[in-house]
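What follows is a set of notes on a single structure, which appears directly below.
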Amino acid sequence: MKIKVNYKTGNSFGSSDEVDYIELAWKNLDRAKESLKRIKNHWEFYKDNAFIYKKPKGKLPVGVTWNDEYRLLMLELITDDGKAYPYSPFWCGYFETLHKAEIVEADNDLVYKPDGF
């Protein structure tokens, strides 16, 4: 299984809707669902904290980590064997907006859609 991501990207002159896949694949549906929840947690935290330059105080949501070297929020997915997989999401940036993330090759009710896209 893969996680497919629908998002908007662009620049100062325009934007476009794009679809891409996270390069990590899962055989374990429960681990894929956990990663989808982590995407949700990360996106909801990122929307309010995207341009901070020091580690947030307090406990971060599950799936959100702080990278000291690059001073940014990172997504932490979970692999089939339960290990953390740090990931820099391509749908996060100044011009980017996450529309939907979904597990493909599985039930189509495993979808997270912020803002009702």
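Values as computed for the structure displayed
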item: Filter result (of a type in the set (Asp, Glu) and within 14 Å of the chain's Cα centre (by Cα)) within the stretch 59-114; result: Glu76, Glu96, Glu102
item: Residue among Tyr53, Tyr87 that is surrounded by 19 or more Cβ atoms within 10 Å (Cβ to Cβ), on the phi < 0 side of the Ramachandran plot and not polar (S, T, N, Q); result: Tyr87
item: Yes/no for Pro61 being surrounded by fewer than 16 Cβ atoms within 10 Å (Cβ to Cβ), closer than 13 Å to Glu44 by Cα and at pLDDT below 95; result: no
item: Test: residue in the stretch 35-43 that is in contact with a Leu (Cβ under 7 Å, 6 or more places away or on another chain), modelled with pLDDT of 95 or more and among the small types (Gly, Ala, Ser); result: yes
item: Any hit, the stretch 25-47, residues being assigned to a strand (DSSP E or B), touching a residue at least 24 places away in the same chain (Cβ under 8 Å) and β-branched (Val, Ile, Thr); result: no
item: Condition broken by Val5, with the remaining ones in (1) part of a strand (DSSP E or B); (2) touching a Pro at 6+ places or on another chain (Cβ under 7 Å) satisfied; result: (2)
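Results for (1) out of contact with any helix residue (DSSP H, G or I) (no Cβ under 8 Å at 6 or more places or on another chain); (2) of a type outside the set (S, T, N, Q); (3) closer than 20 Å to Lys113 by Cα, shown as yes or no for each residue.
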| site | (1), (2), (3) |
| --- | --- |
| Lys54 | yes, yes, no |
| Pro61 | no, yes, yes |
| Pro86 | yes, yes, no |
| Tyr94 | yes, yes, yes |
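The values are calculated or read from the model by the stated rules, or taken from the named source; none is laboratory data. This one's a predicted model, so the numbers in the text were calculated from it and none came from an experiment. Note: ideal-geometry Cβ built from the backbone for every residue, glycine included; neighbour counts use all protein chains shown.
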